[in-house]
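These notes are about the structure you will find just below.
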Amino acid sequence: MHILQLQDKQYKENVDKDIFSFVCHELLELPLQGITEAHCKQIVNKSEGLFQWASVACQFVQDSADSGQSPTYALKQILRSGSGLYELYTTTLNNRFKRIKDTSFNQQFKEVLGFILGVNKPLPKTSLSLLWRLRFGKEISVDMDFILSHLGSLFNGIGDTTVVSPIHTSVRDFFTSPEDSGAFFIKTEEHHFDISLGLIHVLNTQLCFNICQIQTSYTRNSNIKELNEIIQKKISPELSYACQFLGAHLQKLSDAGKQDKEIHALLREFLEKKLLFWFEALGLLKKIDCAISCLSEILHLVKDALGKGLEYQLVKKPNGQPWK
């Protein structure tokens, strides 16, 4: 038992040393006005060995300085919060979003987080912004972009071109737990409808014939030089996601029994004008297997509203025989 205690003590000292080096790098190299080594040591002590706590604390202080708040004042706020991650997240969010109890603002905040946490695969902020604009309009999407820009303490990809994702699994756990997140609670199931509408808009606006401008259809994709680079250039991240994952979001709507005339109209446009272009894009992405499940969800969701003509096209082969 004595040896284990010595090992535990040595381990804690090593962890604290590493956290101290990290905190000094984050806060002293900028430098931030008024922040000293003594402040860095306070963060280390408060973190109780949790790198994640120290990381969020540093980001909070940096963001506060960027928004015109005193770094030392921000540090005092952090040090007054609990030592648990959830207490830290709450302190960070309350400082950034003081209007969270305002109904209109709360709804926009939940839409932003609903998209981020509701997608099956993280998207960059440019794609999220476009989805919001297509779904909610330019004016509202500007407000949502502003909210997103203040989430850098808890999400990666806010200040660069990488995908937007929680910095730690505990962030998702926090937001999806009503007991822990309170006014910041996000019920992801409520956002699949808006995500689906945004994705269908993307398909209807971005899909086109010969999207990668391949010169001939007689050459195998595998023989086309630099095809992967061409695909990345011509097929946007949001279009790639929409092609592959629309079906998954529509399934959530079917499970919830949600029907809507707006989504019926958009799906009809997609089936009548963009279906073959979608097949082409899926082939280029090597995800053609996604088509069957997605079409099945479309049929299940809107079969009563599509009309017999489109329903027949979906469930029959060209020779009139049913698909199996």
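The values are calculated or read from the model by the stated rules, or taken from the named source; none is laboratory data. Predicted model only: the values in this text are computed from it and were never measured. Quick reminder, even Gly has a Cβ in these numbers, built from the backbone with ideal geometry, and neighbours come from all protein chains shown.
Things worth noting here:
- Exactly one residue out of 224, 231 is out of contact with any strand residue (DSSP E or B) (no Cβ under 9 Å at 6 or more places or on another chain) and farther than 24 Å from residue 119 by Cα: that is 224.
- Odd one out for residue 224, checked against (1) at pLDDT 95 or above; (2) among the aliphatic types (A, V, I, L, M); (3) surrounded by fewer than 17 Cβ atoms within 10 Å (Cβ to Cβ): (1)
- Selection status of residue 77, farther than 20 Å from residue 148 by Cβ and polar (S, T, N, Q): yes
- Residues that are in contact (Cβ under 8 Å) with a residue 24 or more places away in the chain and in contact with a Ser or Thr (Cβ under 7 Å, 6 or more places away or on another chain) number at least 3 in the following helices (runs of 4 or more DSSP H) confined to region 1-97: 51-66, 85-96.
- Within region 18-53, being closer than 22 Å to residue 82 by Cα and among the small types (Gly, Ala, Ser) holds for 38, 47, 49.
- Within region 153-169, tally of residues that are touching a residue at least 12 places away in the same chain (Cβ under 8 Å) and either surrounded by fewer than 19 Cβ atoms within 10 Å (Cβ to Cβ) or not small (Gly, Ala, Ser) (or both): 11
- You will find that of 272, 262, 280, the residue that is in the same structural domain as residue 299 (by TED's automatic domain parsing), farther than 26 Å from residue 107 by Cβ and modelled with pLDDT under 95 is 272 and no other.
- Residue selection: residue 196 satisfies the criterion of being in the same structural domain as residue 253 (by TED's automatic domain parsing), under 15 Å from the mean Cα position of the chain (by Cα), touching a residue at least 40 places away in the same chain (Cβ under 8 Å) and surrounded by 14 or more Cβ atoms within 10 Å (Cβ to Cβ).
- Of all residues in region 175-192, those satisfying the criterion of being in contact (Cβ under 8 Å) with a residue 12 or more places away in the chain and either more than 15 Å from residue 117 (Cβ to Cβ) or acidic (Asp, Glu) (or both) are 180, 182, 183, 189, 190.
- Among the numbered conditions (1) aromatic (Phe, Trp, Tyr); (2) farther than 24 Å from residue 158 by Cα; (3) touching a helix residue (DSSP H, G or I) at 6+ places or on another chain (Cβ under 8 Å), the only one that residue 53 does not meet is (2).
- Scan of region 249-304 for residues that are in a loop (DSSP other than H, G, I, E, B) and free of Cβ contacts under 8 Å to residues at least 12 places away in the same chain, ordered by number: 257, 286, 288, 289
- Test result for residue 38, over 22 Å from residue 166 (Cβ atoms), of a type outside the set (Phe, Trp, Tyr) and outside the structural domain of residue 158 (by TED's automatic domain parsing): yes
- Looking only at residues in region 80-94 that are farther than 17 Å from residue 186 by Cβ and at pLDDT 90 or above, the one that is surrounded by the fewest Cβ atoms within 10 Å (Cβ to Cβ) is 87.
- Of all the numbered requirements in (1) among the charged types (D, E, K, R); (2) in contact (Cβ under 8 Å) with a residue 12 or more places away in the chain; (3) surrounded by 18 or more Cβ atoms within 10 Å (Cβ to Cβ), residue 133 misses one, and that requirement is (2).
- Some residue of region 114-123 being under 13 Å from the mean Cα position of the chain (by Cα), surrounded by fewer than 18 Cβ atoms within 10 Å (Cβ to Cβ) and either outside the structural domain of residue 20 (by TED's automatic domain parsing) or farther than 19 Å from residue 30 by Cβ (or both): yes
- Test result for residue 268, touching a Leu at 6+ places or on another chain (Cβ under 7 Å) and surrounded by fewer than 17 Cβ atoms within 10 Å (Cβ to Cβ): yes
Let's see how each residue does on (1) over 19 Å from residue 123 (Cα atoms); (2) in a helix (DSSP H, G or I):
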| residue | (1), (2) |
| --- | --- |
| 147 | no, yes |
| 151 | no, no |
| 160 | no, no |
| 170 | yes, yes |
| 180 | yes, yes |
| 186 | no, no |
| 192 | no, yes |
| 195 | no, yes |
| 199 | no, yes |
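- Residue count for region 59-77 under the criterion of being of a type in the set (A, V, I, L, M, F, W, C) and surrounded by fewer than 22 Cβ atoms within 10 Å (Cβ to Cβ): the result is 1.
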